[in-house]
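A short worksheet on the structure shown next.
The values are calculated or read from the model by the stated rules, or taken from the named source; none is laboratory data. Computed from a predicted structure; not experimentally measured. Neighbour counts run over all protein chains shown; Cβ positions are idealised from the backbone, glycine included.
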Amino acid sequence: MNKEEQKILEELEKRVHQQLENEGSGHDWSHIVRVTKTAKEIAEKEKADSFVVTAASLLHDLADDKVVESEEQGLKEITAWLNELGVASSQKEHILTIIQTISFKEGTGKPVQSLEAKVVQDADRLDAIGAIGIARCFVYAGSKGHKIDDPSISIRETMTIEEYRRVPSTAINHFYEKLLKLKDLMNTSAGRQEAERRHDFMEEYLEEFYRETRR
């Protein structure tokens, strides 16, 4: 990575920090920091483009409808930033493609194609599982007014994007609707190895949860 690319990333860090510092659904600046750190570690192991991976990691939630009201507007702002900062056209298009394709959404998204997209997707998914994933799951549920648990609310096996985003569920159901599926969706060897450990921890947590709630 050259000095100019490093300066671009430093400016992106400032802007994303300012925008997500007070975000309350678990997609805040600390999430971005963790995802970016993990992505850079995986990128080094997988020999991926560090600049593209880091930029996409920093920006990936700014066009996500969990965080912004309009994905289209979010993408326009990201594009404007990249243009303003002089990011090369090929890099800009790669970054934008990653941002638009790595989300889990309803769980039926097409597999990502580039190595860099695979790295960023793995890093983002790793932050959704394990101990931090459990914490973020309950923060997100609380931000949406969802219950911790309600056995009368069925776990959704399939759902549309609209149902995934808008129809109330529970924090515990979210484990089965998304979190426990992520281990088998990892792209890289480093991602898969870490996902196995975090997945096991979530299963242990659920066992204890049911023990304490006598379910």
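A few comments on the model shown:
- For segment 164-183, a residue qualifies if it is over 16 Å from the mean Cα position of the chain (by Cα) and either at pLDDT 95 or above or within 24 Å of A39 (Cα to Cα) (or both), and the qualifying residues are T170, A171, I172, N173, Y176.
- Of the helices (runs of 4 or more DSSP H) lying entirely inside segment 1-110, the ones with 2 or more residues being charged (D, E, K, R) and touching a residue at least 40 places away in the same chain (Cβ under 8 Å) are found at 3-20, 29-46.
- Among residues of segment 47-57 being touching an Asp or Glu at 6+ places or on another chain (Cβ under 8 Å) and surrounded by fewer than 24 Cβ atoms within 10 Å (Cβ to Cβ), the one that is nearest to A190 (Cα to Cα) is A48.
- Top-ranked residue in segment 119-155 [being touching a Ser or Thr at 6+ places or on another chain (Cβ under 6 Å) and more than 21 Å from E23 (Cβ to Cβ); ranked as surrounded by the most Cβ atoms within 10 Å (Cβ to Cβ)]: D122
- Test: I155 is β-branched (V, I, T) and either more than 17 Å from the chain's Cα centre (by Cα) or at pLDDT below 95 (or both): yes
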